[in-house]
Amino acid sequence: MPEPIIKLEDVWKTYQLGKTEVNALRGLSLEITPGAFVAIMGSSGSGKSTLLNMIGCLDFPTKGKVYLKGKDIEKMPESQLAQFRGKILGFVFQEFNLLPNLNAQQNVMLPMIFQKVALAERKERAERILEMVGLKDRILHQPSELSGGERQRVALARAFANDPEVIIADEPTGNLDSKTGKMIMETLTDFHKKQGKTMVVVTHDSKIAEYAEQIINIEDGQITKNHGTAKEYLWNN
Amino acid sequence: MEQLKEYFNISLRNIRTRALRSWLTILGIVIGVFLIISLLSLSEGLKSTINQQLQSLGGEMVMVMPGGDDDIMSAMMFGGSNLQKEDIEAIKKTDGVEQVLSMSYTGTVARYKNEAKNTAICGYDPWKEGLELLSFFQGWSLSGGRWPSKSNEILIGSQLATDIFSKKLTPGSEMVIKGKKFIVAGILNSLGNKQDDSMVYMDMEIYQNITGEKPGTAMYAMAKLIEGADENVVAEDIEKSLKETRKRRSGTDEDDFSVITSEKMGEIANTILGVIQFVIIAFASVAIVVGGIGIMNTMFTSVKERTKEIGIMKAIGATNSAVLQIFLFESGILGFIGGIGGTLLGSALAKGIELYGQVHPLFYFSASITPGLIAFGLLFSFGVGCLAGFFPARTAAKLKPVEALRRFE
């Protein structure tokens, strides 16, 4: 068994909502092995987005430990954690989250700036990845000039920019029609299959979960089921 | 370094995206720096002009004027009791004094070609030697005509010749002052201020004759010292002998005169200018602080608006220091551009006033725009920008990525 790339150990996350405390995650443990394709499923309010924030090192647990490549993220200096986020992880968000004042190429180049990639290489890489996601002739367009599907493909390209080990996608097809959504999922699957990258996708759509090899069900901040394969999941439901 | 350039470019792009607001923020700094640069260069210029004029007075002159020592300003403006004949004699007899030039002036009506205007007339005693002294030490020179040789001949200032009467006065023109006819013998070049340039200059004897001032007295006296004499020592001696003559005359030794060396005059002028400069800097500082608050406000708004953007940048690998630098650059650039604008406008205004002063003899001075002042303006505004941007930038840098991302626009 290879060392997990992301490991959560008895993770609790408590939010203070006015006077009441809300436990978004309650003693959740999880290991994501390199090369896995994991779908995290759950209804809204189940804690799946909180879980994704933990996996993506965007947030710290209230209690428990999160390890990224064997390192406790709370013990990492901020700058190193930021470097890790940019280099090891690639994010895809439901609402694309492109920077509106940058064109497609500049958006894809941005994570490379933070990794100190030289300008010429940045340009070349951004063009290559945008071509890969089928946006060769949209390179210089602003996000406002692109359709939803095109924007999400720019976001995919941005997530691939630093050649990360893990792609973390939060409802990547949530804002797209089914046809475009399918295209996005195929691109992700392709990336996983051809390059062996680890995928973590949060979704509430069981059709999307079909692409995954492992499905994790989450309810009230706890894992209720952890299915080895998608087929097993479908069988059981 | 390479990284800083990247962040700088990102900052520039952010500024361009919010062009209107950026320009308005910059305008706040422009006004502040404009005030500082124009006022400082003008007051510096004023200082050097006054110092130049004082220097032209010569280091070997001592002035005696009516009015107490502690009240020089009002004595200069309103005058006091005249110096008496024995006072002037006492000054002449003081060791170290080579020559004494006494002087009086008053306002009166002068007529030229059926036109009557208010003007000032001034008498000098001795007249002929006095003119030599004045041309040598105060730089009097003629722009036309000749030095007067007869008692009914007068000299006039450059402005009186051209600006006061509707018709120009030329050498040989006839003027009537207090019912007496005078011939303009010569016209002086500008003496550096409007007051001196619109005067009529004549022999003290004639002056006292037409004004009714007691002969032998005078408002002021200028003592030219023997070469090598210490002006401070002579000034003290003059003061002492003046006190004695007054004691003999009135029985009191109350000081109602002041003895001023050119050095002391410079000190007085510098004190006054120092106060003026202080006030100027205080006012300009208020302007720049307001400009700085403008930058801070813009940057805080910008951080609020771009919270999500900051979250995205952090999620894709931006460190706290990267975010801090991007925002600091942004506010620094706003300040710096404001500084350039303010410095340009401020220098232009100062230069404009200087040019106006050159064509117009009303006031004459040079604006002092030094490279130091320009560098100060630019660095200062950049500094104000960075300082004002520091807190907003830190707020931005400290945002947690997850919280920043959660906020929707």
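The values are calculated or read from the model by the stated rules, or taken from the named source; none is laboratory data. This is a predicted model, so every value here is computed, not measured. Cβ: placed from backbone, ideal geometry, glycine included. Neighbour counts: every protein chain shown. Note: areas computed on protein heavy atoms with side chains; ligands, DNA, RNA excluded. Shrake-Rupley method; radii C 1.70, N 1.55, O 1.52, S 1.80 Å.
For this structure, a couple of remarks:
- Taken as a whole, segment B:225-247 holds no residue that is assigned to a helix (DSSP H, G or I), open to solvent by 80 Å² or more (accessible area, probe 1.4 Å) and touching a Lys or Arg at 6+ places or on another chain (Cβ under 9 Å).
- Residue in segment B:308-315 that is open to solvent by 50 Å² or more (accessible area, probe 1.4 Å) and modelled with pLDDT under 90 present: no
- Taken over segment A:178-220, residues that are closer than 25 Å to A:GLY45 by Cβ and open to solvent by 80 Å² or more (accessible area, probe 1.4 Å) amount to 6.
- Single unsatisfied condition, B:GLU305 versus (1) more than 14 Å from every other protein chain (Cβ to nearest Cβ); (2) open to solvent by 70 Å² or more (accessible area, probe 1.4 Å): (1)
- When segment A:156-183 is filtered for residues that are under 22 Å from A:PHE114 (Cα atoms) and part of a loop (DSSP other than H, G, I, E, B), the ones remaining, listed by number, are A:ALA161, A:ASN162, A:ASP163, A:PRO164, A:GLU165.
- Residues that are open to solvent by 80 Å² or more (accessible area, probe 1.4 Å), within 22 Å of A:THR180 (Cβ to Cβ) and within 14 Å of chain B (Cβ to nearest Cβ) within segment A:114-150 comprise just one, A:SER144.
- Scan segment A:83-108 for residues that are part of a strand (DSSP E or B) and either open to solvent by 20 Å² or more (accessible area, probe 1.4 Å) or facing another protein chain (nearest Cβ under 10 Å) (or both) and the total you get is 3.
- Conditions (1) under 30 Å from B:ASP197 (Cα atoms); (2) open to solvent by less than 10 Å² (accessible area, probe 1.4 Å); (3) of a type in the set (A, V, I, L, M, F, W, C): number failed by B:ALA322: (1)
- The set of residues from segment B:253-264 being open to solvent by 30 Å² or more (accessible area, probe 1.4 Å) and part of a helix (DSSP H, G or I) comprises B:GLU263, B:LYS264.
- Helices (runs of 4 or more DSSP H) wholly inside segment B:1-95 that include at least 1 residues being modelled with pLDDT of 85 or more and open to solvent by 30 Å² or more (accessible area, probe 1.4 Å): B:2-17, B:19-56, B:85-93
- Taken over segment B:1-25, the criterion of being among the aliphatic types (A, V, I, L, M) and more than 8 Å from chain A (Cβ to nearest Cβ) is satisfied by B:MET1, B:LEU4, B:LEU12, B:ILE15, B:ALA19, B:LEU20, B:LEU24.
- Within segment B:1-42, if we keep just the residues that are touching a Leu at 6+ places or on another chain (Cβ under 7 Å) and of a type in the set (S, T, N, Q), the residue that is farthest from B:ALA388 (Cα to Cα) turns out to be B:SER41.
- Filtered residues of segment B:1-47 (kept if within 27 Å of B:SER366 (Cβ to Cβ) and of a type in the set (Lys, Arg)): B:LYS47
- Scanning segment B:127-172 for residues that are open to solvent by less than 10 Å² (accessible area, probe 1.4 Å) and among the small types (Gly, Ala, Ser) yields B:GLY130, B:GLY157, B:ALA161.
- Beta carbons closer than 6 Å, at least 6 apart along the sequence or on distinct chains, pair a first residue in segment B:314-338 that is facing chain A (nearest Cβ under 7 Å) with a second that is in a helix (DSSP H, G or I) and of a type in the set (Asp, Glu) for B:ASN320/A:GLU78.
- Against the test of being at negative phi and in contact (Cβ under 8 Å) with a residue 60 or more places away in the chain, the options B:VAL290, B:VAL275 yield a single qualifying residue, B:VAL290.
Table: residues versus (1) out of contact with any strand residue (DSSP E or B) (no Cβ under 6 Å at 6 or more places or on another chain); (2) at pLDDT 85 or above.
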{"site": "B:ILE154", "(1), (2)": "no, yes"}
{"site": "B:GLY172", "(1), (2)": "yes, yes"}
{"site": "B:GLY192", "(1), (2)": "yes, no"}
{"site": "B:ALA218", "(1), (2)": "no, yes"}
{"site": "B:GLU227", "(1), (2)": "yes, no"}
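- The numbered conditions (1) under 17 Å from A:PRO34 (Cα atoms); (2) away from chain B (no Cβ under 14 Å) are all true for A:VAL166 except (2).
- Among the residues of segment B:108-126, the one identified as buried (at least 16 other Cβ atoms within 10 Å of the Cβ) and either without any contact (Cβ under 8 Å) to a residue 24 or more places away in the chain or farther than 18 Å from B:TYR207 by Cβ (or both) is B:TYR112.
- Among the residues of segment A:59-112, the ones that are in contact (Cβ under 8 Å) with a residue 60 or more places away in the chain and not aliphatic (A, V, I, L, M) come to 11 in all.
- Considering only residues in segment B:121-159 that are in a strand (DSSP E or B) and of a type outside the set (A, V, I, L, M, F, W, C), the one that is nearest to B:VAL184 (Cα to Cα) turns out to be B:GLU153.
- Segment B:185-224, subset of a type in the set (D, E, K, R) and part of a strand (DSSP E or B), residue farthest from B:GLU153 (Cα to Cα): B:LYS224
- Search result, residues across segment A:191-231 that are in a helix (DSSP H, G or I) and either closer than 29 Å to A:PRO61 by Cβ or modelled with pLDDT of 85 or more (or both): A:PHE191, A:HIS192, A:LYS193, A:LYS194, A:GLN195, A:SER206, A:ILE208, A:ALA209, A:ALA230
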